[in-house]
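Engineer: I am attaching a structure below and will ask some questions about it afterwards.
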Amino acid sequence: MLTDPKLDTKKGSYTFKYDANGNTLSKTFIKSGIDDTTVPPIIPSGNLYFDFEGDNVQGWLPQGEGVILNTSLEAAHGGNKSLKVSNRTATWHGPILNVKNNIVAQKSYQIKAFVRLPQGAVASQVMMTIHRTMPDGNSYYDNISTKMVTSGGWATLEGIYQLNEPATSMYLYMESASPNASFFIDNLSLEAYTDGPAPLIHNFEDGTVQGWFPQGDGVLVTNTNEAASEGSRSLKITNRNANWQGPALDLSSYMKPGVTYSISGKLLLPQGTTSSDILLTMNRGDGSGASHYDNISASHVTTEGWVVFEGKYTFTGSIANLIIYMESPNATASFYLDEFKVEKYVEAPPVISHDFEDETLQGWTAQGEGVTLQISGDTAKSGFRSMKVTNRTAQWQGPLLDLTSLIKPDTKYQIKAAVKLVSGTSPSDLLFTIHRESPNGTHFYENVSAGTVTDGDWVIIGGTYKYSDLAAKNLSLYVESNNATSSFYIDDFIILLDK
């Protein structure tokens, strides 16, 4: 966990908020008489663009005692200059910018920056974070993007950010898991996200049904304060007497053909109702007048707690109507709906993506005496380069990557890569293994995936990984083989959040 300079963690406590997939949305610090010491100047409202071509740092301030910010000719992504961040001595040290006037609640923003390290620097993880304080005094730290950054090329940090309710203060800052790492930043931008409409969010806190209507004679769709997953109100559906009856919403003017949408929400049954399956269905009328009924999700719902439903939806061709509705095989089941959301689906950026095209090892190190790792142009799954592993003399020897700060407990990840043996090497099994050390010093060796590999074609080896425990003291992934002397190539290594 990174520590913020303005918070004494002995005088308060952290809580964490997760989304339905187990991804960390934010962490909250409950304050106990603690004041902010760094207050960057307020930046004018609107979109932000920083190219650092002038002689000043364009409103950015150093966060942390002794941190130095200056425009530099040493490296540039565009133009001739970039912002150089140096003299850091703690993970949270770096540049900070006041963005309170630039981010408005209920709107989406794309935040993007290009980052690289000085020549000769060891690869380091760099994080882009927003620190916001809410009217109740709680502080949240929202990660926008995390990347492994090297001196060999510019890494792109980018993400989509939405503020659900107004904050009293908001700061954008850059930090690194390596406390002494210096880095360059260039072409940083913060723009209102205009790729399609803003997310459609129904939390029913305004006391209305927000466009929902009853499907079926006698069905009642009402706004209620009897139950809520967040806030104090939800939508209540009662008086059903057929499977297909329930609440409906016209999305004809919101959705566009060929676009994938993510649709989610939460459901709960009233006390005394038998547990029931509730289905989310799209009634799609095409241009010929025919109706199609596309299932989006199905959830088993009870009275015990709110159940999250989610699904993705895409359609093509012309339409006469798009009516989304909820139904249940229990023809008389009543239920509550809250936190309904429709938004354009954006694939989450990878936790790590290594294609070795920048001619660096991107943080990989050799495990085992004499093992050699090098960037090779001999062969590649994509692009022109891959990582070549040679001089192995034991099964466990090979390339190793430290993932301690990236792999979180109770979160599922996809891990995969393309592998191929060096010409002349006998077919061998390659294994991806996680070595995890728990806080109490216990060591675990967990196989993620394995596959038989030859020197003929590239083979994709992949699997999923998740651990349930306190955050690991150390966690690394390494590639080993049942053939102690096998040499091999690795390319297109990637870790994704598993949805």
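The numbers here are math on the coordinates, done by the rules we state, and not lab data. Owing to the predicted nature of the structure, the values given are computational and were not obtained by experimental measurement. Don't worry about glycine lacking a Cβ; one is built from the backbone with ideal geometry, like all the others, and counts go over all protein chains shown.
Engineer: As an exercise, use a Förster radius of 45 Å and the Cβ-Cβ distance of Asp136 and Ala471 to find the FRET efficiency, rounded to the nearest 0.05.
Structural biologist: 0.95
Engineer: Here is a follow-up. Pull out the extension gain between Ala331 and Asn243, defined as 0.36 nm times the separation in residues minus the alpha carbon to alpha carbon distance; nm, one decimal.
Structural biologist: Stretched fully, the Ala331-Asn243 segment lengthens by 31.2 nm.
Engineer: Return the distance in nm (one decimal) between the two label points of a simple spin-label model at Thr156 and Ser253, each offset 7 Å from Cα along Cα→Cβ.
Structural biologist: Placing both labels 7 Å along Cα→Cβ, they lie 3.5 nm apart.
Engineer: Report Rg (one decimal) and Dmax (nearest whole number) for the chain, counting Cα atoms only, units Å.
Structural biologist: 25.9, 77
Engineer: Right, something else. Residues of region 100-137 with amide nitrogen under 19 Å from the 7 Å Cα-to-Cβ point of Ile375?
Structural biologist: 114-126
Engineer: Tell me, what HN-Hα J-couplings in whole Hz come from the Karplus equation 6.51 cos²θ - 1.76 cosθ + 1.60 at θ = phi - 60° for each residue of region 53-62, using x for Gly and Pro?
Structural biologist: Ordered by residue, 3J(HN,Hα) equals 7, x, 9, 10, 8, 6, x, 6, 10, x Hz.
Engineer: Under a 5 Å amide H to amide H cut-off, with H placed in plane at 1.01 Å, what residues pair with Asp498 once short-range neighbours are removed?
Structural biologist: Lys412, Tyr413, Gln414
Engineer: Using +1 at the C-beta of Lys and Arg and -1 at the C-beta of Asp and Glu, which of Gly258, Val67, Gly383 has the Cα lying farthest in the positive direction of the dipole of the chain?
Structural biologist: So the residue we want is Val67.
Engineer: For a paramagnetic label modelled at 7 Å from the Cα of Asp277 toward its Cβ, which residues of region 310-340 fall within the zone defined by backbone nitrogen distances under 13 Å?
Structural biologist: 327-331
Engineer: Take Thr485, project a point 7 Å from its Cα along the Cβ direction, then tell me which residues of region 407-446 have their backbone nitrogen under 17 Å from it.
Structural biologist: Those under the cut-off are 421-429.
Engineer: Cα atoms only: what Rg and Dmax, in Å, come out for region 351-499?
Structural biologist: That works out to 14.8, 44 Å for Rg and Dmax.
Engineer: OK, next. If you take the square roots of the eigenvalues of the alpha-carbon gyration tensor of region 245-387 and sort them as a ≥ b ≥ c, do you get rounded (a/c under 1.5), prolate (a/b over b/c) or oblate?
Structural biologist: Oblate shape, in that a/c is at least 1.5 and b/c is the bigger or equal ratio.
Engineer: Taking the Cβ-Cβ separation of Trp396 and Ile494 as r and a Förster radius of 25 Å, what is the calculated FRET efficiency to the nearest 0.05?
Structural biologist: 0.60
Engineer: Taking the Cα centre of region 200-344 as origin, work out the dipole magnitude from +1 charges on Lys and Arg Cβ and -1 charges on Asp and Glu Cβ, in debye rounded to 20.
Structural biologist: Magnitude of the dipole: close to 240 debye.
Engineer: Hey, another quick one. Once you place label points 7 Å from the Cα toward the Cβ at Ser423 and Val459, how far apart are they in nm?
Structural biologist: It works out to 2.0 nm between the two label points.
Engineer: Now, a different point. Which of the peptides 300-313, 412-425 is most tightly packed, and how do the rest follow, judged by the mean count of other Cβ atoms within 10 Å per residue?
Structural biologist: The most tightly packed comes first, giving 412-425, 300-313.
Engineer: Using the Cα gyration tensor of region 276-352, with a ≥ b ≥ c the square roots of its eigenvalues, what is the shape: rounded (a/c below 1.5), prolate (a/b larger than b/c) or oblate (neither)?
Structural biologist: Cα axes put region 276-352 in the oblate bin.
Engineer: A follow-up question, please. If you keep only loop residues by DSSP, which chymotrypsin sites (Phe, Trp or Tyr not before Pro) in region 316-354 have at most 15 other Cβ atoms within 10 Å of their Cβ?
Structural biologist: Tyr345
Engineer: May I pose another question? For Val308 and Thr452, FRET efficiency with R0 = 41 Å and r from the beta-carbon atoms, rounded to 0.05?
Structural biologist: 0.55
Engineer: Rounded to the nearest 20 debye, what is the charge dipole size of the chain about its Cα centre when +1 sits on each Lys and Arg Cβ and -1 on each Asp and Glu Cβ?
Structural biologist: 360
Engineer: If you don't mind, there's one more thing I want to ask. By the gyration tensor of its Cα atoms, with a ≥ b ≥ c the square roots of the eigenvalues, what is the shape of region 373-418: rounded for a/c under 1.5, prolate for a/b over b/c, or oblate?
Structural biologist: It is oblate, given that a/c is not under 1.5 and a/b is not larger than b/c.
Engineer: Using the Karplus curve 6.51 cos²θ - 1.76 cosθ + 1.60 with θ = phi - 60°, what ³J(HN,Hα) values do you get for each residue of region 164-170, in whole Hz, with x for Gly and Pro?
Structural biologist: Listing the rounded values in order: 7, 9, x, 9, 7, 8, 8 Hz.
Engineer: Related question: For region 486-497, in order, what is each residue's ³J(HN,Hα) by Karplus, 6.51 cos²θ - 1.76 cosθ + 1.60 with θ = phi - 60°, in whole Hz (x at glycine and Pro)?
Structural biologist: Each residue of region 486-497 in turn: 4, 10, 7, 10, 10, 8, 6, 6, 8, 10, 10, 5 Hz.
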